[in-house]
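The values are calculated or read from the model by the stated rules, or taken from the named source; none is laboratory data. This structure is a prediction, so every number in the text was calculated from the model and none was measured. Positions of Cβ are generated from backbone atoms using ideal geometry, with glycine treated the same way; all protein chains shown enter the neighbour counts.
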Amino acid sequence: MTQSPMTPGIAANRLSQAEMAANFADIAPRFDRHEAMVAADRCYFCHDAPCMTACPTSIDIPLFIRQIATGTPEAAAKTIFAQNIMGGMCARVCPTETLCEEVCVREVAEGKPVEIGRLQRFATDTLMDKGIHPFTRAAPSGKRVAVVGAGPAGLSCAHRLALHGHEVTVFERRPKPGGLNEYGIAAYKSADDFAAREVDWLLKIGGITIRPGALGSDISLAALEADHDAVFLGIGLGGVNALTIPGADLPHVRNAVDFIAELRQCDKSALPVGRDVVVIGGGMTAVDAAVQSKLLGAQTVTMVYRRTKDKMSASLYEQDHATAAGVKIIYGAAPKAITPAGVEFAYETGETFVLPADQVFKAIGQTLTLPPIAKDGAKLARRSGKVWAGGDCAAGGEDLTVTAVAQGRDAAEEINAVLVGAVG
Amino acid sequence: MANLTSNFIGIKSPNPFWLASAPPTDKAYNVERAYEAGWGGVVWKTLGSEGPPIVNVSGPRYGAIWGADRRLLGLNNIELITDRPLQVNLDEIKMVKRKWRDRALVISLMVPCDEESWKDILARIEDTEADGVELNFGCPHGMAERGMGSAVGQVPEYIEMVTRWVKQYSRMPCIVKLTPNITSILPPAVAANRGGADAVSLINTIKSITNVDLDAFSPFPMIDGKGSHGGYCGPAVKPIALNMVAEIARHRETRGLPISGIGGVTTWRDAAEFMALGAGNVQVCTAAMTYGFKIVQEMISGLSEYLDAKDMALSDLIGRAVPNFVEWQDLNLNYVTKARIDPDLCISCGRCFAACEDTSHQAIAMSPDRVFTVKDEECVACNLCVDVCPVEQCITMVELPKGSVDPRTGRTVGDYANWTTHPNNPAVAAE
């Protein structure tokens, strides 16, 4: 190791291999059987359970926890997958603290919810590790559906369509399927190549072909509509909001999403990171970029958000996670200018300060880029004729993996109903 | 701090907490550890006749049932009486009793059902200076197949006969330990009383199979693919034991017969309940086997706090609930309560709703924002909601005052009246 956290500028290899491996290890390792039994026992098996209502995919949480508690995690996994085929990834990345666990009655009673996310992971990992795919495809329907984007929305839709016997072709512009599961998300939440393993497992349903291709350049929506009985768009948000301040185009300024994507795909020791890193933004992308910069060996990492703590789209849990990792968060300051040496910010009062920065990450939101279908950044309608849309690119719901899975699944059910002639 | 000193049929101990005859009292090492921890007395694990030592299985002796949190609720065993040579036990008993004069030490006995056997064993223990004997007429497994234990306890005539022999050949206080594996506990208790027993102790364990191994298809505890019934004990049997103790305590022929209460005593509260229903002291086994001897310290402090708070002496507690243990026909049918849910304590789990709606009287309403309220016009006060609620005191039963109208029946709450005078009672109508 020739570099250290103190090395000025942007440098790779700031930490030893061992430190790097420890930093990017699974953040919340799977429960062992005993831990799962203890955690499962805390569930009260509520009537019309609030957790289930809070889950965008409406997983029957009390039932799957009871199945774990009675020694049948495989049955629990089937309960989960029946509602959410990416229940494995959602168990890792869902902000459960603002969904199921936030409304758990034991959170109300004791400030300590049943650990639903980790129990879900215990169940799904148990079944997936056995290589079992618990669904069987219906007889071929003869109908063909195109799905654009192999992210959570597209794959969820594709799986449900394939389940109903339809022939599905998924077009993906990136080298690997998985979307943000593969190219977004902090590495320590999807350790051991889980995103890719999950896709392989999901495809065991059969009837799904993944082809390279980007909408707009390689393929046209009109051609897809002409060649298929239905089209599903799950293309995510390809663009990033522009930062229009002096110095925003300097070479040490980078989009956080690109940094995160590169980090997911490369040897982390080889990934250069600044000594003093400044992240502009207050969402999950900002947190993931900031925390991972720290884990790569940056000496100081500061997240600066222009509004107040409670307005931040990253949850309090995520903010705590960031500060625990050594990230400093400054609230209520907007960026004014970037120089090769640092970033100038101003509070609402007009007071200014400068943070030294070898590297600056922009994480101020993503936009839909799909001319001419998407105009002015507006999101897509969930259905327009024989074209459905879901996930981050579609209107409605939060930009969460679990929401994308739900929308993909629901679109597939609608498409199926249309294709089998049940509805128009 | 309340005085917990106990005098049970003349046997004194610093507190009313004894260890029951069982594995924890099999040898000097365990018994001394128990005394060091604070136990008031022990009943030494059952001795048999002189001869080749008893043989135990070398596979699992215990089976169990657990709550979902794996808290042990019931234990079952197929262990027999002591498998150590008689003289070893006698020597250790003598040594321990001399060393621990202030503690109770009672010897449990089980020998074949003939006069010579009993006469002989009583002579053998005479020299130990033990405080008394307990006749094991209770163990339901193993020894019963050889005509001992519960095989004796299930025949009142045998109980009376053996008790007489014991009183005839020994000066020691005699406790007769009863088996619950009978249809009524009263004939065995009456028989012990007639035979001259100084006290009865109950319950011994209940014939049981705790579970079935679903791979080997054998009852458990499983010995080489086979299982035999064991004796069941622990918190799960407490309700059965309480009822049997109370039946003896109130029965006209056994009223006043001292009772040593046994069966799932786990905390001071359990002990106090047994004593309130007539037990002069309690014996504990499963709780000690689950948590170790130290639990007696909680029992001592808890009972002491309780007695102080109630300004009661220990003797005031014994039997205090017995007059309130009545037959169903004596219950007040004009006592009307309604469930009340405290919205401040409610955590909105909805278990009361599910239980009432699915399995009871549809007497709980649920609002869209998960507020649960009782419908008095439907509530029969069954108490199921109280029993399934995870929050203690969140749901309580509130008595309707006399003179008010029960919205369910439309009837005014009146004075005490029971089934014996109820117009729907055919026996009343016939008069």
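Couple of notes before you dig in:
- Single residue of segment A:398-424 satisfying the filter (more than 14 Å from the chain's Cα centre (by Cα) and not in a helix (DSSP H, G or I)) that is nearest to A:I85 (Cα to Cα): A:V420
- Checking B:N383 against (1) free of Cβ contacts under 8 Å to residues at least 40 places away in the same chain; (2) over 22 Å from A:P50 (Cα atoms), the condition it does not meet: (1)
- Taken residue by residue, segment A:294-313 has no member that is within 25 Å of A:L180 (Cα to Cα) and either in the same structural domain as A:C94 (by TED's automatic domain parsing) or of a type in the set (D, E) (or both).
- Some residue of segment B:230-246 being of a type in the set (G, A, S) and surrounded by fewer than 16 Cβ atoms within 10 Å (Cβ to Cβ): no
- Positions within segment B:10-48 being over 19 Å from B:N204 (Cβ atoms) and under 19 Å from the mean Cα position of the chain (by Cα), in sequence order: B:N15, B:P16, B:W39, B:G40
- Taking the numbered list (1) surrounded by 14 or more Cβ atoms within 10 Å (Cβ to Cβ); (2) in the same structural domain as A:R306 (by TED's automatic domain parsing); (3) in contact with a strand residue (DSSP E or B) (Cβ under 8 Å, 6 or more places away or on another chain) in turn, A:T352 passes all entries but (1).
- Which numbered condition A:L368 misses (of (1) touching a His at 6+ places or on another chain (Cβ under 7 Å); (2) at pLDDT below 95): (1)
- Scanning segment A:230-240 for residues that are touching a strand residue (DSSP E or B) at 6+ places or on another chain (Cβ under 6 Å) and either closer than 28 Å to A:F345 by Cα or surrounded by fewer than 15 Cβ atoms within 10 Å (Cβ to Cβ) (or both) returns A:L237, A:G239, A:V240.
- Matching residues, segment B:118-141, being of a type in the set (G, A, S) and assigned to a helix (DSSP H, G or I): B:A123
- As a summary of the residue check, B:N77 satisfies the conditions (1) crowded, with 20+ Cβ neighbours inside 10 Å; (2) within 14 Å of chain A (Cβ to nearest Cβ) except for the one numbered (2).
- Segment A:22-78: number of residues that are small (G, A, S), over 19 Å from A:C100 (Cα atoms) and crowded, with 16+ Cβ neighbours inside 10 Å: 1
- Test: residue in segment B:133-143 that is touching a Phe, Trp or Tyr at 6+ places or on another chain (Cβ under 9 Å), touching a residue at least 24 places away in the same chain (Cβ under 8 Å) and small (G, A, S): no
- One residue from B:G40, B:G48 being surrounded by 18 or more Cβ atoms within 10 Å (Cβ to Cβ), over 25 Å from B:L303 (Cβ atoms), small (G, A, S) and at pLDDT 95 or above: B:G48
- Candidate set: segment B:313-359, residues that are of a type in the set (D, E, K, R), more than 14 Å from every other protein chain (Cβ to nearest Cβ) and part of a loop (DSSP other than H, G, I, E, B); chosen: the one surrounded by the fewest Cβ atoms within 10 Å (Cβ to Cβ): B:E327
- Residues in segment B:268-316 that are of a type in the set (S, T, N, Q) and either in contact with a Gly (Cβ under 6 Å, 6 or more places away or on another chain) or closer than 19 Å to B:L75 by Cβ (or both): 4 in all.
- Here B:A381 passes the criteria (1) touching a Phe, Trp or Tyr at 6+ places or on another chain (Cβ under 7 Å); (2) at positive phi; (3) among the aliphatic types (A, V, I, L, M) except the one numbered (1).
- Subset of segment A:338-356 [more than 15 Å from A:I10 (Cβ to Cβ) and either free of Cβ contacts under 8 Å to residues at least 40 places away in the same chain or of a type in the set (K, R) (or both)]: A:E344, A:A346, A:Y347, A:E348, A:T349, A:G350, A:E351, A:T352, A:F353, A:V354
- Residue in segment B:44-54 that is within 24 Å of B:P219 (Cα to Cα) and more than 14 Å from chain A (Cβ to nearest Cβ) present: yes
- Which listed residue, of B:A144, B:A151, is surrounded by fewer than 24 Cβ atoms within 10 Å (Cβ to Cβ), at pLDDT below 95, in contact with a Ser or Thr (Cβ under 6 Å, 6 or more places away or on another chain) and among the hydrophobic types (A, V, I, L, M, F, W, C): B:A144
- A:V108 satisfies every condition listed in (1) assigned to a helix (DSSP H, G or I); (2) modelled with pLDDT of 95 or more; (3) of a type outside the set (K, R) except (2).
- Extreme residue, farthest from the other protein chains (Cβ to nearest Cβ), among residues of segment A:36-85 that are more than 25 Å from the chain's Cα centre (by Cα) and without any contact (Cβ under 8 Å) to a residue 12 or more places away in the chain: A:A75
- Residue in segment B:365-386 that is closer than 18 Å to A:P62 by Cα and either surrounded by fewer than 18 Cβ atoms within 10 Å (Cβ to Cβ) or modelled with pLDDT under 95 (or both) present: no
Quick grid of which residues meet (1) within 14 Å of chain A (Cβ to nearest Cβ); (2) within 25 Å of B:V265 (Cβ to Cβ); (3) crowded, with 18+ Cβ neighbours inside 10 Å; (4) modelled with pLDDT of 95 or more:
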| site | (1), (2), (3), (4) |
| --- | --- |
| B:V96 | no, yes, yes, yes |
| B:R103 | no, yes, yes, yes |
| B:M110 | no, yes, yes, yes |
| B:D120 | no, no, no, yes |
| B:T128 | no, no, yes, yes |
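- Considered as a group, the residues in segment A:86-113 that are surrounded by fewer than 24 Cβ atoms within 10 Å (Cβ to Cβ) and within 11 Å of chain B (Cβ to nearest Cβ) include one that is nearest to the chain's Cα centre (by Cα), and that residue is A:V103.
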